[in-house]
1. Probe of 1.4 angstrom, ligands and nucleic acids ignored: what's the accessible area per residue over segment 62-168, in square angstrom?
2. Quick one: length gained pulling Q65 to E13 fully straight, 0.36 nm per residue minus the C-alpha distance?
3. For segment 77-185, which semi-axes, largest first and in whole Å, follow from the square roots of 5 times the eigenvalues of its Cα gyration tensor?
4. Test of understanding: what is the full-extension gain from V174 to N207, defined as 0.36 nm times their sequence separation minus their Cα-Cα distance?
5. Excluding G88 itself, what net charge comes from residues whose Cβ is under 14 Å from its Cβ, given Lys and Arg +1 and Asp and Glu -1?
6. Kindly state, to the nearest 0.05, the FRET efficiency for Q44 paired with R125, given R0 = 41 Å and r defined as their beta-carbon distance.
7. In a solvent-free Debye calculation with one equal scatterer on each Cα, what is log10 I(q)/I(0) for segment 38-100 at q = 0.21, 0.28 Å⁻¹, listed in the order of the q values?
Amino acid sequence: LGQLAEKFDEMAETLQQHARERDAAELKLRDHAHQQTIVAALGQCALVISDMGALFSQGALMTGQMLAVEYCAVFERLPDGRLLMLAGTGWKTGTVGLAHVFHEQDSQAGFSAATGEVTVVDDIRTQTRFKLPPVLAAHGMVAGITAAIPTRSLPFGVLAVFTTKPRVFTPDEVQFLLSAANTIGMATQRRRAEAAMQKLASFVKENPNAAL
């Protein structure tokens, strides 16, 4: 009887393990589907929102909510290499529109802007690869993901999320941020092309002989 009871216990544990694995797999599928829905929604916003500032703000909001992080930001890479925070969620008053982070490879975001790579830091306190910019230190940043916002030439900037506690980001979360950054990049490139066409059309209208 003792051996039979042990066998039943083993079978019960195996069934419970299988149930846990099934539930985890189902949760992962739901999360992935939700992430794809958010990326699609962001793409729709990019088609209907002509104000790029509004698009950046919406992209930061949707990304931050999807990844359940305290802070999200859209940075623009300036000509001198610094990154200016154009939009974001969670930041102290006066941060968005004014805050800069280090350029080139000094910071996590700067590295992504310079290389075009997605960069993940689970706990900045345990690594020596990047410096923590003052604005991030002031907000208690510990972990984050940064992804370059691509355009046909140099990256426009960086989409970034940060947390105030150590966090191991999953591959799906990293891929989601990359997809969101790519969507914002395509919208930015399209707006640039439209602005160039409008400028050319205005020039031709004002200088009809120049087209000859």
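1. Values: 4810 Å² over 107 residues.
Per residue, segment 62-168 has an accessible area of 45 Å².
2. On the way: separation 52, 0.36 × 52 = 18.72 nm, distance 3.61 nm.
Gain on stretching Q65 to E13: 15.1 nm.
3. On the way: eigenvalues 70, 58, 37 Å².
Gyration-tensor ellipsoid for segment 77-185: 19, 17, 14 Å.
4. Numbers: separation 33, 0.36 × 33 = 11.88 nm, distance 4.91 nm.
Net length gain for the segment: 7.0 nm.
5. On the way: positive: K92; negative: E70, E76.
Residues near G88 contribute -1 overall.
6. Numbers: r = 39 Å, r/R0 = 0.95.
It comes to 0.55.
7. -0.86, -1.16
The values are calculated or read from the model by the stated rules, or taken from the named source; none is laboratory data. Worth saying up front: this structure is predicted, and the values here are computed from it rather than measured. So basically every Cβ, Gly included, is an ideal-geometry build from the backbone, and we count neighbours across all protein chains shown. What goes into the accessible areas is simple: the full protein's heavy atoms, side chains included, and nothing from ligands, DNA or RNA. Shrake-Rupley method; radii C 1.70, N 1.55, O 1.52, S 1.80 Å.
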